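Just so it is clear, none of the values below were taken in a lab; they were calculated from the coordinates. Predicted model, so just to flag it, every value in this text is computed and none were measured. Cβ sites come from the backbone with ideal geometry, for glycine too, and all protein chains shown count toward neighbours.
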Amino acid sequence: MQKEVCKDGSAHLCTYIYKFYSPKTKLFYIVRCEYHKEEVFAVKFYCKRDRHDDYKYSKLVNRGDVGNILVTCLKVIPILLQDYPIASFCFVGASRMDSGRAEGMNSNIRFRVYSQIAQNMIGKVIFTHYLNSEISGYLLLNNKWEDKEGHKEAILKMFANTYREINLI
């Protein structure tokens, strides 16, 4: 695990970087957990071979191991909860781009797969699950927050101000 401090003055404070290998695809993957104000991590991943590509989060590997790869990405959550016990987690399914075609943001294929796996793998004892299909976004809000609705709104506002290209509110 590596840690990069973000110095751009935004709500993005630092990033924890993990690397893992898929024996099925014979490829390495990078998981980036971007820690933001409001105690929330944005979880992203990509195939290491695409690391220099501007569209690395939108690339498809198509080697038949997406389930195992996503489950491995979710394994960072309990690791990060050890140091950040009230942290929440979110992800946005990047639109697929292939053959010059771009998929829309609304309930894209990645979001549908990610949300199904998250609902099956992550219970509701620690997190409340919120889905926003319009932006293919998924929020795991930590149940340790007393005012969950207020904290959810604070997270959405922070992300809306940080990532203006995504219409969150």
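Taking Lys56 as the residue in question, decide whether it is surrounded by fewer than 17 Cβ atoms within 10 Å (Cβ to Cβ), of a type outside the set (Ser, Thr, Tyr) and over 20 Å from Ile155 (Cβ atoms). Criteria not met by Lys56. Scanning region 12-21 for residues that are hydroxyl-bearing (Ser, Thr, Tyr) and crowded, with 17+ Cβ neighbours inside 10 Å, we see that the one that is nearest to Val71 (Cα to Cα) is Tyr18.
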